[in-house]
Structure formats: C-alpha cells, structure tokens
Amino acid sequence: MGSTELKQLVLGTAGHVDHGKTSMVKTLTGIDTDRWEEEKRRGITMDLGFASLHLGDLLVSLVDVPGHEDFVRNMVAGATGIDAALLVVAADEGFMPQTLEHLSILEFLNVPVGIPVITKTDLVEDDWLELVTSEVVDRLGESSVSWLEPVKFSAVTEEGVEELKKSICSLSRESATDERELFRMPVDRSFTVAGTGTVVTGTVWSGTVRTGDTVFLLPRDAKARIRGIQTHGAESDAAHANRRTALALTGVDRDGVGRGDVVVGDKAWRATDSIDVAIELTPGAKPLGQRSRVRVHLGTAEVMARVTPAEGDIVPGGSFGARLRLESPVVARWGDKGVVRSYSPMATIGGITVVDPFPPQRPRRPVAWKEKGSEVPQRRVMAFLGAHGEILRDELVIRLGFGKRELDWVAEPASGLVEAGELLLSASAVEARIARVSEELLRFHRERSAEPGILLEQLRPLLGPGSLGEALLVKWASDAGVELIGAYARIPGFEPKLGPEAAELAGVIKGKASFEGFQGVGRDQLVRGQDTGLIDEILGFLVRSGELTRVGSERYYTTAVMTELIGVVVTVASASGEVSPADLREKTGLTRKYLIPLLEWMDGEGITTRKGDVRLLGPKGERIAAGPVDKS
C-alpha cells in the first residue's frame with residue numbers, strides 16, 4: 001500500500017522541559033529526534049525533531065518540540081499546523097510553568113484534540129500517580145481542546161506503549177483534514193542534500209503541488225521549481241494537505257529560504273505587513289494599548305508588531321479587535337491562528353485569529369472586525385462589502401478564507417452578491433448605484449433636452465472606478481433598458497429637442513450663418529451678450545441635426561452654404577485635376593484665414609487630399625464629382 005493511500009495524522013508533543021517528550025517519541029518510533037550534538041550533551045531538546053510512526057493504515061507524523069522556556073518560539077513553530085497533541089506531564093512533578101504555557105499555546109492555535117500522557121510512572125508510587133492523574137483530568141476539563149483519557153507511560157518499563165498507540169489510532173477518526181485549493185506550506189526547516197540541493201520541510205496547510213511545479217517563497221518573493229517530494233523518506237509525486245513534507249527545490253539556495261518562510265503554489269498569495277485580528281489575552285496578562293510592542297507567532301514565523309486596538313485597551317477576558325503593524329512581513333489568510341508573546345520578559349500573553357490579512361491603510365483602526373471574523377461566510381462577505389464597498393473575487397479564498405463550497409455559493413442568485421467584472425458587490429449596493437445613475441440620466445434629459453444623451457464619462461464615477469464602473473455601466477444598461485450609443489447614454493426613444501426659448505435663438509443663429517455666407521459665423525460673434533452655455537448647447541444641437549456644419553472649433557456654416565462650397569472645390573479640382581487656395585480665393589473671394597480651415601475640414605471628411613500646397617479629390621470628393629448613380 002503506497003503512502004498516499006494511508007490515513008495521515010500530524011501529531012505534536014507539548015509539555016515542560018525534561019518531562020520525557022523525546023524519550024516517549026523514541027520509545028514509540030525508535031527514532032531519537034534530538035539531532036544536535038548540544039542537545040545530546042545537555043540532555044534537553046532545543047529545536048524541532050521529527051519522526052514517523054506506522055499504525056496499521058495510519059501514518060503518524062510526530063513533531064517533537066522543546067520544553068525549555070528559552071525555546072518556546074521553536075515550540076510554537078512546531079505546534080503550528082498539527083492535527084492533535086500529546087501533552088506530556090511527568091508523574092514526579094505534575095503541572096509545571098511550561099506545561100501551562102504549552103497548553104495555552106495549543107488552545108490559541110485551535111488544536112482540536114489531544115492525549116494527555118503521564119510519563120515517568122516508574123518513578124512514583126501508585127497513590128501519587130493517581131493524584132497526578134486526577135490533577136491532569138481536572139485541569140484539562142476546562143480546556144478548549146478535546147482531551148482523551150490520560151495514558152500512563154514509562155519509557156523505561158514501556159508501560160502504556162500499546163495503550164498510547166491505540167489512543168493515537170482513535171485520533172485519526174476524530175481529526176478532520178482540510179485540503180483547500182491553494183497550496184501553502186510554512187517552512188520549519190531548510191538544509192542542503194548532496195546531489196539534491198536545497199530541501200525545505202514543513203506541514204502542508206492546504207492544497208496540493210506536484211513534482212515539476214513552480215512555487216513561490218514568501219515573504220522573500222523568490223521563485224523555485226519542485227525537483228522532488230518526500231513524505232517520511234518515501235518518494236512521492238505530490239504533496240497534499242495535512243502531511244509532513246519535504247520539498248527539494250531548484251532555483252533557490254540554502255541561504256535563500258528558512259524557518260518563517262512559506263512555500264505557496266499560486267500568485268494569489270502575497271505577504272502583508274499589517275493584519276486585523278481578534279485577540280484574546282491570558283488571565284493575568286498586562287493590558288495592551290496603542291503602540292504596545294509584542295511578538296507575533298504566525299505559521300512558523302516570529303515577527304515584532306505594534307498594536308492598534310479597535311477601541312480602548314485590550315485586557316484579559318473576552319475577545320478584542322486590533323490591527324497589528326508588523327515590523328517584518330508575513331503570509332496570512334483569514335482564520336489563521338497565532339500566538340502573541342510579550343516583548344520583554346518573553347511570555348505567552350494571548351492568541352490571535354486573523355480577520356483581515358490585508359486591511360486598508362485608512363482608517364487606521366479595524367472596522368467591523370467582529371463581523372469579518374464570523375464563521376458564517378454570508379455574514380463575513382457582507383461585513384467586508386459593508387466596510388469596503390467591493391472586493392476582488394480573487395481575494396475571496398485568502399482574504400475571506402473561502403473554500404470551494406463558499407465559492408459555489410457566491411455564484412448563486414440567492415447569495416445577494418453581484419459580480420461586476422473581477423469585483424463583487426452586494427446586490428443592495430449595486431441597486432443603490434444604479435438608482436443614482438438612473439436619476440442622473442433623467443435629470444440630464446430634463447435640464448439638457450437638446451443633448452443626445454449624457455456622456456458615459458459623467459456616469460462612470462457614480463458607478464465606480466475603472467473596471468467596476470465599466471462593468472456596472474453594462475449591467476445598468478441591460479437591467480434598465482438604457483440605450484448606449486457611442487459615447488452617450490439615453491432613455492430608449494429619446495429624441496433631442498430645443499425648448500421654446502432655445503428654438504427661437506436657434507433660428508437667429510441659422511439666419512446669421514446664412515447671412516455670412518462663405519465666411520460662416522464665428523462662435524465669438526454668437527456669444528456676445530448671450531448665455532454662453534445656452535449658445536453652445538444650441539450649436540451642438542444644430543450640428544448634430546445636420547443644420548449647421550462646424551469647421552474647426554469656432555466657425556459654423558449652414559448646410560446649404562457648405563454644400564455650395566464643396567461644389568466649388570469639386571468642380572475646380574475635377575476640371576484641372578487639383579485645387580489650390582489661390583484657385584478658391586478667386587472663386588469665393590475668401591482669404592486664407594477662412595480657406596485653410598475649410599480645406600483642412602474637407603481633408604478630414606475625405607472630400608480632398610492634400611498634396612504639397614494643393615488638394616486632389618479624395619474618395620468622397622470623387623463620388624460627388626461622379627454624380628448620383630443611375631439605378632434605372
């Protein structure tokens with residue numbers, strides 16, 4: 001049976017220094033997890049150790065953590081991502097300071113289940129053992145971790161070995177795996193293997209990668225390719241969620257990756273230097289106020305951070321919102337659990353749950369942090385939309401912690417969400433924006449009835465910036481039955497018309513343009529003593545309706561006059577093959593001041609084509625010269 005067919009369980013140890021965690025692991029697996037010479041010389045575990053245990057169809061990955069208070073940060077890195085815990089309590093000492101600290105860490109990391117193991121039973125009498133066992137049961141009865149019955153164990157006599165193995169096997173049925181779409185593996189160890197290159201190890205938190213895949217190392221922003229994959233020394237084609245894994249990487253050297261880095265398989269992942277969290281302090285911890293400095297343990301990373309409470313100081317008892325401004329970037333996802341330790345003296349003082357891994361710079365304090373932290377996806381996404389207006393669909397998996405089921409829900413009409421290009425908005429927000437745009441269109445038609453419609457550029461800012469505005473514009477036109485014609489939007493069937501006063505003034509303008517003949521009428525002549533905006537509106541209407549022709553930006557001709565001018569140009573050019581400004585001056589009496597703009601306009605219309613100082617007939621001019629086509 002291949003390793004990929006086995007049930008998988010990542011099991012971490014916890015407990016006070018010298019309570020027998022490493023001896024227990026060695027008795028169970030035959031593997032001494034103390035790798036360093038100094039560990040063997042001092043007789044204490046200083047860093048993480050790893051072993052594997054086959055129990056029937058269950059493959060257990062054991063992570064042995066140090067118990068000394070100086071190495072708690074290594075313990076947190078090892079406890080991150082485990083499915084279950086073995087909380088070790090020595091029978092001759094009972095609960096000790098690091099036992100309690102490790103227990104708090106397990107609870108803050110939301111480890112679901114565990115087994116209390118009372119070690120060194122060979123050193124105590126039965127009566128004392130029963131007292132210690134009773135103490136363990138009582139203390140763990142109030143824990144958020146679901147603890148099984150304590151197992152009495154001795155590495156010397158091997159008492160309890162089989163019982164502990166049976167208890168571990170029962171965990172495989174109680175621990176659920178959570179394999180998400182996007183691959184992520186926090187790195188807890190990196191080293192070099194001759195002939196292989198750089199190797200990183202860790203517990204895969206989510207997703208799958210395969211040999212040959214390209215991966216990214218964050219927050220270093222490096223890229224590498226997977227050369228090989230191993231699980232407990234066995235070659236594998238793929239790395240899956242909830243498994244201890246070693247990845248051989250090409251494209252990165254040993255110094256380019258280490259503990260605290262994260263291997264990810266998709267560019268949707270990115271590092272962040274600010275996170276919004278729900279934070280809970282341990283009893284007796286000092287309050288945290290504005291800019292309190294703390295140590296944040298997230299994944300296998302440890303970084304310093306400044307605290308910005310959502311409101312007031314953060315005190316023991318209850319959950320509080322806070323923004324953590326990190327002194328070094330981390331990789332985070334909604335729902336990630338972490339541990340907070342005091343800056344000095346170092347002690348575990350609380351736990352965090354990430355509610356927004358990418359909070360906006362403004363406001364500087366968390367907004368709607370309770371709602372964003374909701375376990376109900378519908379409430380969560382509505383809280384984000386209520387606070388920020390819209391969210392990129394690609395951000396749902398990481399920023400909101402959505403899995404496949406939640407993504408399928410987003411696409412359902414009942415979700416109350418609207419997709420606008422790459423963005424998601426609440427249906428109510430879209431309705432409000434569309435209603436605002438519809439009101440603006442109606443107002444524009446009432447006040448500017450001579451215009452063919454409102455310019456789309458005036459509407460887009462009301463709907464949203466960039467692609468959002470464009471997507472909502474199309475949706476608005478479809479839902480409201482609005483006509484989009486060129487650069488304008490209008491109500492279906494709308495026909496521009498002038499009001500009585502404007503219509504009377506339009507007649508005056510046309511009369512002046514007709515009177516000026518080949519010279520046309522200048523805008524400066526028309527606006528003297530008049531409402532400039534009204535004159536421009538009338539001129540635009542007359543040009544669009546074909547009653548006037550605009551040459552350049554300032555001169556207007558009646559249709560009859562312009563037709564006559566075009567006829568003169570076509571006649572002269574047809575007769576001699578070309579037409580010059582001098583030719584036209586002779587025919588029309590116009591100076592270059594008027595002729596050059598006219599000829600440039602005709603060039604633009606395709607009536608003429610410039611060649612040096614003269615004009616030839618353009619395609620449209622040639623059709624005019626040829627006359628109407630006889631269809632008889």
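Taking amide H atoms as placed 1.01 Å from N in the peptide plane, the amide H of Val88 lies under 5 Å from those of Ala14, Gly15, Val117, each 5 or more residues away in sequence or on another chain. Along the Cα-to-Cβ line of Gln290, 7 Å from the Cα, sits a label point; which residues in the stretch 317-343 have backbone N less than 17 Å from it? Answer for the stretch 317-343: 321-325. Between the stretch 362-376 and the stretch 207-263, the alpha-carbon centres lie 33 Å apart.
Sorting 566-578, 255-267, 16-28 by average packing, meaning the other beta carbons within 10 Å per residue, from highest down gives 16-28, 255-267, 566-578. FRET efficiency for the pair Ser146 and Ser319, taken as 1/(1 + (r/R0)^6) with r the Cβ-Cβ distance and R0 = 25 Å, rounds to 0.75.
A Förster distance of 60 Å, applied to the separation of the beta-carbon atoms of Ala268 and Ala575, puts the FRET efficiency at 0.30. When only alpha carbons are used to place a centre, the stretch 486-542 and the stretch 394-412 end up 55 Å from one another. Under 17 Å from a label point set 7 Å out along the Cα-to-Cβ vector of Glu419, the amide N atoms of the stretch 464-500 belong to 467-476. Over the stretch 572-632, the alpha carbon radius of gyration divided by the compact-protein estimate 2.2 N^0.38 Å works out to 1.18.
Using only the C-alpha atoms, the convex hull of the stretch 234-371 corresponds to 149 Å³ per residue.
By the Stokes-Einstein formula, at 0.692 mPa s and 37 °C, the stretch 337-408 with its Kirkwood radius over alpha-carbon pairs has D equal to 241 µm²/s. Just so you know, the Cα atoms of the stretch 85-158 work out to an Rg and Dmax of 11.9, 35 Å. Projected label points at Ala234 and Phe358, each 7 Å from Cα along the beta carbon direction, are separated by 3.8 nanometres. Near Leu324: Cβ cut-off under 9 Å, other residues only, Lys/Arg at +1 and Asp/Glu at -1. The net charge is +2. Filter the trypsin sites (Lys or Arg not before Pro) in the stretch 391-498 down to the DSSP loop ones having no more than 11 other Cβ atoms within 10 Å, then list what survives. Hits after loop and neighbour filter: Lys497.
The three principal axes of the Cα atoms in the stretch 112-212 give end-to-end lengths of 59, 33, 21 Å, sorted in falling order.
Note on the chain: with neighbouring protein chains present and a 1.4 Å probe, carbon and sulfur make up 49 percent of its accessible heavy-atom surface. Each Lys or Arg adds one and each Asp or Glu subtracts one; over the other residues with Cβ under 14 Å from the Cβ of Ser61, this totals +1. In a simple Cβ point-charge model (Lys, Arg +1; Asp, Glu -1; nothing else charged), the stretch 487-632 has a dipole of about 200 debye relative to its Cα centre. How much area per residue is accessible in the stretch 189-284 when the probe is 1.4 Å and only protein heavy atoms are counted (Å²)? Heavy-atom accessible area per residue stands at 42 Å². Which distance in nm do the two modelled labels at Glu483 and Met346 give, with both placed 7 Å along the Cα-to-Cβ direction? Distance between label points: 7.4 nm. The loop-placed GluC sites (Glu not before Pro) in the stretch 280-319, going by DSSP, that have at most 11 neighbouring Cβ atoms within 10 Å of their Cβ come out as Glu311. Across the stretch 286-324, the residues whose backbone nitrogen lies under 14 Å from the label position 7 Å along the beta-carbon direction of Asn110 are 299. Per residue, the stretch 299-413 exposes 44 Å² of solvent-accessible protein surface, assessed with a 1.4 angstrom probe and all protein chains in place. Using equal-weight Cα scatterers in the Debye expression, the normalised intensity of the stretch 223-273 in log10 at q = 0.14, 0.16, 0.22, 0.33 Å⁻¹ is -0.42, -0.55, -1.00, -1.35.
Any idea what the relative contact order of the chain is, in percent, if you count C-alpha pairs under 8 Å spaced at least 6 apart?
Across the chain, relative contact order equals 7 percent.
For the stretch 583-632, trypsin sites (Lys or Arg not before Pro) are listed when DSSP marks them as loop and at most 14 other Cβ atoms sit within 10 Å of their Cβ; the list is Lys631. Adding -39500 (n - 2.57) for every DSSP H run of four residues or longer, then dividing by how many residues the chain holds, sets the calculated 222 nm ellipticity at -10500 deg cm²/dmol. Take the stretch 499-580 with all the other protein chains still there, run a 1.4 Å probe, and you get 48 Å² of accessible area per residue.
Extending 7 Å from Cα along the Cβ direction at Ala432 and again at Arg446 yields two label points whose distance is 2.3 nm. Separation of the alpha carbons by more than 32 angstrom is noted, of Lys337/Lys404; Lys165/Lys370; Lys475/Lys510, for Lys165/Lys370; Lys475/Lys510. For the chain, the Cα gyration tensor yields ellipsoid semi-axes of 79, 27, 20 Å (square root of five times each eigenvalue, largest first, whole Å). Using equal-weight Cα scatterers in the Debye expression, the normalised intensity of the stretch 419-521 in log10 at q = 0.11, 0.17, 0.23 Å⁻¹ is -0.45, -0.78, -1.16. For the stretch 492-589, the convex hull spanned by the alpha carbon atoms encloses 125 Å³ per residue.
The values are calculated or read from the model by the stated rules, or taken from the named source; none is laboratory data. All figures in this text were calculated on a predicted structure; none of them were measured in a lab. Positions of Cβ are generated from backbone atoms using ideal geometry, with glycine treated the same way; all protein chains shown enter the neighbour counts. These accessible areas exclude ligands, DNA and RNA; they are computed on the full protein's heavy atoms, side chains included. Shrake-Rupley method; radii C 1.70, N 1.55, O 1.52, S 1.80 Å.
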